[in-house]
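Beneath this line is the structure, given in structure tokens, with notes to follow.
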Amino acid sequence: MGASDVNLAELIGSRICHDLISPIGAITNGLELLEMVGTVQGPEMELISGSVGSAGARIRFFRVAFGPASDQPLGRSEVVELLRDVERAGRVRINWNLTEPVPRNQVKLAFLAVMCCESAMPFGGEVDIEALGAAWTVTGKADKMNIDTGLWAGVATGRFADKLNPAQVQFALLPNTASTMSRRVAAETASTQVMLRF
């Protein structure tokens, strides 16, 4: 996968997110109207509302992770709010340990790294995102990890012994996107921790 492939992947990701966010927003508005008039209540309504909220949060997350990278800054409050919404839909707690706005392209790398960490924590866990100067570290910790050694060995180079499936695409996109920004990815794994640096 070369730079042009990364750009194509970003355009596809952005298009899908753009086309899905509007109907999900319309469903959310419709649910709010139903709640206001009180025609539908109970666990069914909570299930639908929760599911739509989770889908919307994940799509906003994917929009950053898979969409075009730019130098446009994203502020702490915007990123933290998005991550809190994503947390509600999953089992992983995500700590954004940065205080200053950072360029969207660097947030994109962090989000791809978060997705890599999530794949190793099917039973839940915690991800810490930190930056010291230009160097970023994303660390996933959990009592029970499921680490695919082939994926974690290949994430530094973007070359893998086995063909990737759709749930693993972040492992290829992270190093290739990083290389377009003149960055290299390093990975470390242990029994209860995975770490990505770029």
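Just so it is clear, none of the values below were taken in a lab; they were calculated from the coordinates. This one's a predicted model, so the numbers in the text were calculated from it and none came from an experiment. Here the Cβ is made from the backbone with ideal geometry for all residues, glycine too, and neighbour counts use every protein chain on show.
For the reader, a short list of remarks on this structure follows.
- Fewest-first ranking of LEU74, LEU173, LEU33, using other Cβ atoms within 10 Å as the exposure measure: LEU33, LEU74, LEU173
- Calculated SAXS-style log₁₀ I(q)/I(0) at q = 0.27 Å⁻¹ - the range 121-198, Debye, Cα scatterers: -1.38
- Hydrodynamic radius of the range 3-197 by the Kirkwood approach over all distinct alpha-carbon pairs: 17.7 Å.
- Nonlocal amide H pairs with ASN95, under 5 Å, H built at 1.01 Å: VAL127, ASP128, ILE129
- Amide H within-cut-off set for GLY124, under 5 Å, with H built and near neighbours excluded: none
- Other-chain or far-sequence residues with amide H under 5 Å of TRP136's (modelled H): PHE198
- For the chain, complete DSSP H runs whose alpha carbons reach 30 Å or more along their own long axis and whose mean Kyte-Doolittle score is 0.0 or higher are 3-37, 43-66.
- From its DSSP helices (H runs of at least four residues, each -39,500 (n - 2.57)), the chain gives a residue-normalised ellipticity at 222 nm of -18000 deg cm²/dmol.
- Here is the list for the range 107-198: trypsin sites (Lys or Arg not before Pro) lying in DSSP coil, each with at most 14 other C-beta atoms within 10 angstrom of its C-beta, are LYS144, ARG159, LYS163, ARG184.
- Each Lys and Arg adds +1 at its Cβ and each Asp and Glu adds -1 at its Cβ; summed about the Cα centre, the range 3-197 shows a dipole of about 520 debye.
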